[in-house]
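S.K.: The structure under discussion is supplied below as structure tokens; questions concerning it will follow.
FYI, it's all coordinate maths here, none of it is from the lab. Since we're looking at a predicted model, the values are computed, not measured. Cβ atoms come from the backbone with ideal geometry, glycine included; neighbour counts cover every protein chain shown.
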Amino acid sequence: MNALTRALAMLALAALLVGLLAAAVIASSDHVDDTAFAITFMVGVGYAWIATGLFATYRRPANKVGVLMTATGFAWLLNAFVAANSPAIFTFAVLASNLYLATFVHLLLAYPQGTLRRLERRIAAVVYALCAVGALPILLSGLEVTCERCPDSVIQITSSTTVGTVGDILTSTAAILLAGTVIWVLAARWRAASRPQRRVLAPLLWSGIVLVALVAVTLTSQTVSGDQVPGILPVAWQVVFAAVPFAFLGGLLRGQIAQADAVGELLQRLGEASTGDLRGLLADALHDPSLQLLYWVEDGWVRRDGRSADRPHHAYTPVELNGELVGAIIHDASLEPEAVANVAAAAGLAMRGERLEAALRRSRARIVEAGLQERRRLERNLHDGAQQRLVALSLTLRIAQNQIAKNPDTAAEMVGAAQEELTRALEELRELARGIHPAVLSDRGLQAAVEALAVRSPLPVKVVEVPGERLPEPVEAAAYFVIAEALTNVAKYANASNATVAVRRVNGHACVEVRDDGVGGADPGRGSGLQGLADRVGALDGSLALDSPPGSGTTLRAEIPV
Amino acid sequence: MDCTVLIVDDHPSFRASARVLLESEGFNVIGEAVDGASAVSETCRLKPQLVLLDVQLPDIDGFDVAARITGHPDSPAVILVSSRDSSDFGPLVSRSGARGFVPKAELSGERVQELLV
């Protein structure tokens, strides 16, 4: 038994004792007519509230709702002591007889999160204050409150009924205004609530509004008619009050049965076929139309369309399958954590399927973006390189033309310079064309293209093995660009003295391997080059692996199905 | 003819060639600038009669520079140049406040003179 259950058990015991004491006081009362009914009603309702409150605390210890319900139950039990024959106890009990209304309003304002915001805290404070002094005018003036045979108030200071009546009218008016404010706050909360929130709010909020309205109407009719009308109204409010714990428990039970049904139905619908709308199914199951799904792909959150998403900052529940994180359900904060967890457990398999789609879309989007980036790079290179050289060439020739007559030697010199400029422009164009697609690759195949790459590389590259026969064009191109990018990286970062390149055909795959003897420690996340290659290879159902332990060289391997 | 010129271009090879070309055709090149910001400040400082302004600059582009340095009675004449063709820019040239546009490869004193009159 932990500290919480021990504390709850002690409270239950205390409630039992207070209830028995209340029963004894009512049984021996000389001013209660139907003692059997009074005991059953007073003690029964108190026990129902306390038991429900303890149960709610047991379920959600951090939430104050259970504590407030328990407190309301105890406050209600104090009412029973109005039956006491001792004037002192009677006076105290009448004074405290409205306390249960205050704790109940506090509960209403705090439900369901258990805490009060600033305005609500102020309202609750006024309600407590009014309930504490509400009975004072009667007790101080000796007005006959409950019955003719009741004991006298021990704090009576005047026998003037006028003072008492005026005081009573004042407190009643304040109470009516306060009741209106509370109803207004609760109605505003209902209007602002989302659908799942309304389901949680409904039982308590509506019984609360009805009860507060009944209290207001009773006080109004008393104040207006001046009578102490016991009538139907106070009975009605007490019946509503008695029903609240049962409505609360009924709501919980209904929620759990509905939840079990929803999960069962969800499993069935998930099993029927891939409907393509997993989000819709989960939103139906949890009755939360705002529900969203995120997928965990390669260390980041993505949406179903493959776009990256921020870390969820609303209420969310991770979805795991066999201990592996596949995604998250972002949902309304008011949903029961158990309900979302059940749905998350049921949705794991389907979410893994959608995650694959999301990963594919993300990779596709990256390929498109890489294509655009490549075009921008080409345009930039053309503009900054060959185009500038040709512009300079044109200007040089124009200057030379101006000089032919006056300074033929200068003109000849300038034409020579123009010739050099033209050679460089041609070289740049050639390099650029090779980067777009190497002609030797399409004309002579991978072997010739890789050998050409090796020759052009600034460090010694040994071509160990490359199949002489032609491979499908996309495979040749992917293999070529893997080798080209790898050799560029070796030259740029590896600080290597030499590199080897091999392409082998193994089990229906072209296995590309580029190895160097450099410093290692290459970061796979560096730049977009490797990611672009991985996407390119992935688009052919192949895979790319980087092995680069610090100090032991780097090996880049690609396996591409042929 | 002693028209003072500021050449604005981020490519040193173009600035050098344009200077030689224009000076050989009677213009007086009094300064060079490598980006939009220095183009604006050098225009204020040197008060050239003509600014030969590249469209593509590392910071703000030539159209924005032209808009900033024209529009006053004592503003210099601005001629935009680019290795691209004027048709790449549509109505941007005419809206920029510049006198006109010359493709870099066709730059000559004669073309500039035509736009200045």
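S.K.: How big is the Kirkwood radius of region A:473-535, worked out from every pair of different alpha carbons and given in Å to one decimal?
M.R.: Computed over region A:473-535, the radius equals 12.6 Å.
S.K.: Next question, about the same structure. Name the chymotrypsin sites (Phe, Trp or Tyr not before Pro) in region A:257-350 that are in a loop by DSSP and that have at most 13 other C-beta atoms within 10 Å, would you?
M.R.: Hits after loop and neighbour filter: nothing returned.
S.K.: Search the structure for amide H atoms under 5 Å from the amide H of B:Gly100, placed 1.01 Å from N in the peptide plane, and list their residues when 5 or more places away or on another chain.
M.R.: The answer is B:Leu80.
S.K.: Now, a different point. Whole-Å semi-axes of region A:3-257's equivalent ellipsoid, largest first, each the root of 5 times a Cα gyration tensor eigenvalue?
M.R.: They are 31, 23, 15 Å, listed largest first.
S.K.: How many nm separate the modelled label positions at A:Val464 and B:Gln49, each set 7 Å beyond the Cα in the direction of the Cβ?
M.R.: Computed distance between label sites A:Val464 and B:Gln49 equals 7.2 nm.
S.K.: I would also like to ask the following. Sort region A:258-369 into rounded, prolate or oblate with this rule: let a ≥ b ≥ c be the square roots of the eigenvalues of the Cα gyration tensor; rounded if a/c is under 1.5, and if a/c is not under 1.5, prolate when a/b is larger than b/c, oblate otherwise.
M.R.: prolate
S.K.: While we're looking at this one, here's another question. On the Cα set of the protein assembly as shown, report Rg and Dmax in Å, please.
M.R.: Expressed in Å, the Cα Rg and Dmax of the protein assembly as shown come to 43.6, 138.
S.K.: Under 1.5 on a/c is rounded, so check that first for region A:518-562, then, if it is not, pick prolate when a/b is larger than b/c and oblate when it is not; a ≥ b ≥ c are the square roots of the alpha carbon gyration tensor eigenvalues.
M.R.: Here region A:518-562 falls in the oblate category.
S.K.: Would you be so kind as to identify which of A:Leu116, A:Val94, A:Pro337 lies farthest towards the positive end of the dipole of the protein assembly as shown, taking Lys and Arg as +1 and Asp and Glu as -1 on Cβ and the Cα centre as origin?
M.R.: A:Val94
S.K.: Pop out the ³J(HN,Hα) list for region A:288-305 in order, Karplus 6.51 cos²θ - 1.76 cosθ + 1.60 with θ = phi - 60°, rounded to Hz; leave Gly and Pro as x.
M.R.: Ordered by residue, 3J(HN,Hα) equals 10, x, 7, 4, 10, 10, 10, 10, 9, 10, 6, 6, x, 8, 10, 7, 5, 7 Hz.
S.K.: Here is a further query. So how much slack lies between A:Val154 and A:Asp284, counting 0.36 nm per residue of separation and subtracting their Cα-Cα distance, in nm?
M.R.: Gain in length upon complete extension: 40.7 nm.
S.K.: Something else: Among A:86-92, A:436-442, how do they line up from the highest to the lowest mean number of other beta-carbon atoms within 10 Å?
M.R.: A:86-92, A:436-442
S.K.: Is the shape of region B:4-116 best called rounded, prolate or oblate, per the rule: a/c under 1.5 gives rounded, else a/b larger than b/c gives prolate, else oblate, with a ≥ b ≥ c the square roots of the Cα gyration tensor eigenvalues?
M.R.: rounded
S.K.: Can I ask one more? Charges only on Cβ, +1 for Lys and Arg, -1 for Asp and Glu: so what's the dipole of region A:258-369 about the Cα centre, in debye to the nearest 20?
M.R.: Its charge dipole is roughly 580 debye.
S.K.: Another one. Of A:Pro245, A:Val215, A:Leu393, which is farthest on the positive side of the dipole of chain A, counting Cα position, with +1 on Lys and Arg Cβ, -1 on Asp and Glu Cβ, and the Cα centre as origin?
M.R.: Most positive-ward Cα: A:Leu393.
S.K.: Per residue of A:475-487, what is the mean number of Cβ atoms on other protein chains within 10 angstrom of that residue's Cβ?
M.R.: 0
S.K.: Quick one: which residues, 5+ away or cross-chain, put their amide H under 5 Å from the amide H of B:Val29? H built at 1.01 Å from N.
M.R.: Amide H neighbours of B:Val29, under 5 Å, 5+ apart: B:Val5.
S.K.: Could you tell me the relative contact order of region A:441-561? Use alpha-carbon pairs under 8 Å, at least six residues apart, and round to a whole percent.
M.R.: 24 percent
S.K.: In nm, to one decimal, how far is the A:Ala448 label point from the A:Tyr58 one, both placed 7 Å along Cα→Cβ?
M.R.: Computed distance between label sites A:Ala448 and A:Tyr58 equals 8.4 nm.
S.K.: Kindly provide the helix-only [θ] at 222 nm of chain B, computed as the sum of -39,500 (n - 2.57) over DSSP H runs of four or more divided by all residues, to the nearest 500 deg cm²/dmol?
M.R.: -10500 deg cm²/dmol
S.K.: Assigning unit charges at the beta carbon (Lys, Arg +1; Asp, Glu -1) and nothing else, what dipole magnitude in debye, to the nearest 20, does region A:441-561 show about its Cα centre?
M.R.: So the magnitude is around 200 debye.
S.K.: Residue by residue through region A:449-463, what is 3J(HN,Hα) from phi via Karplus (6.51 cos²θ - 1.76 cosθ + 1.60, θ = phi - 60°)? Round to whole Hz and write x for glycine and proline.
M.R.: 5, 5, 4, 5, 4, 4, 5, 6, 5, x, 10, x, 10, 9, 8
S.K.: Ok, one more. Which of the GluC sites (Glu not before Pro) found in region A:455-496 are in a DSSP loop and have at most 10 neighbouring Cβ atoms, other than their own, within 10 Å?
M.R.: A:Glu469
S.K.: Say the dipole of the protein assembly as shown comes from +1 at the beta carbon of Lys and Arg and -1 at that of Asp and Glu; which of A:Ser442, A:Ala502, A:Trp190 then lies farthest toward its positive end?
M.R.: Looking along the dipole axis, the top candidate is A:Trp190.
S.K.: Now for a different question. Percentage of Cα-Cα pair distances in region B:78-117 greater than 16 Å, rounded to whole percent?
M.R.: For region B:78-117, the share of Cα pairs beyond 16 Å comes to 29 percent.
S.K.: To test your reading of the geometry: what angle, between 0 and 90 degrees and rounded to tens, separates the Cα axis of helix A:118-133 from the longest principal axis of chain A?
M.R.: Helix A:118-133 and the main axis of chain A meet at about 10 degrees.
S.K.: Report, by chain and number, residues whose modeled amide H sits under 5 Å from the one on A:Val297, excluding near sequence neighbours (fewer than 5 apart, same chain).
M.R.: Here A:Val302 satisfy the definition.
S.K.: Using the alpha carbon gyration tensor of region A:1-103, what are the three equivalent-ellipsoid semi-axes (square root of 5 times each eigenvalue), largest first, in whole Å?
M.R.: Over the Cα atoms of region A:1-103, the ellipsoid semi-axes are 27, 13, 11 Å.
S.K.: Okay, helix-only estimate at 222 nm for chain A: each DSSP H run of n ≥ 4 adds -39500 (n - 2.57), divide by all residues, round to 500 deg cm²/dmol; what do you get?
M.R.: -22000 deg cm²/dmol
S.K.: Using the Karplus curve 6.51 cos²θ - 1.76 cosθ + 1.60 with θ = phi - 60°, what ³J(HN,Hα) values do you get for each residue of region B:15-27, in whole Hz, with x for Gly and Pro?
M.R.: Using θ = phi - 60°, the values come out as 4, 5, 5, 5, 4, 4, 4, 5, 5, 5, 10, x, 7 Hz.
S.K.: Just report the Cα centroid separation between region A:305-358 and region A:467-537, whole Å.
M.R.: Taking the Cα centre of region A:467-537 as reference, the centre of region A:305-358 is 37 Å away.
S.K.: Quote the charge dipole size of chain B about the Cα centre in Debye, to the nearest 20; the model charges only the Cβ of Lys and Arg (+1) and of Asp and Glu (-1).
M.R.: Result for chain B is approximately 200 debye, rounded to the nearest 20.
S.K.: Would you mind ranking A:Lys406, B:Lys104 so that the residue whose beta carbon has the fewest other beta carbons within 10 Å leads the list?
M.R.: Listing A:Lys406, B:Lys104 from fewest to most nearby Cβ atoms yields A:Lys406, B:Lys104.
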